[in-house]
Amino acid sequence: MICPKCSSKLKKVSVEVEDAKSKAVGYQCPNCDYLTFEPKSAIEVIREIKEKESPLKIKQKIIKLSKDRLGVYLNQDISRSLNLKGGEEIYISIPDKKRIVLKIVN
């Protein structure tokens, strides 16, 4: 395969994805770091991650905190089920344009 950005030969790579057992197979350019994934392996990784989703889903509104800041209050059922306390730290990741993943720092 050839890189669409710089026309270099792409190198096959296996990528570990958090919360998935399977690795995603992709092709990366050694010159410009362009990366693309094989659809079959990407779909398998997404399927594995979706299987681990929690059945607890609560609809909430995003609130405006100040001029450039938005926020979300965590419902008491969520904070109680995860044993969360004020001031605890979390990691936030964005796997796609429709999902935000919060991970509690231990």
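Yes or no, residue by residue, for (1) within 15 Å of the chain's Cα centre (by Cα); (2) not acidic (Asp, Glu):
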position	(1), (2)
Glu16	yes, no
Ala42	yes, yes
Glu51	yes, no
Ser66	no, yes
Asp77	no, no
Ser81	no, yes
Leu84	no, yes
Gly87	no, yes
Ile104	yes, yes
What's the number of the only condition in (1) within 18 Å of the chain's Cα centre (by Cα); (2) surrounded by 10 or more Cβ atoms within 10 Å (Cβ to Cβ); (3) in a loop (DSSP other than H, G, I, E, B) that Lys57 fails to meet? (2)
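Any read-out appearing in this document is the output of simple, stated calculations on the displayed coordinates, not a laboratory observation. None of these values were measured; they are calculated from a predicted model. Quick reminder, even Gly has a Cβ in these numbers, built from the backbone with ideal geometry, and neighbours come from all protein chains shown.
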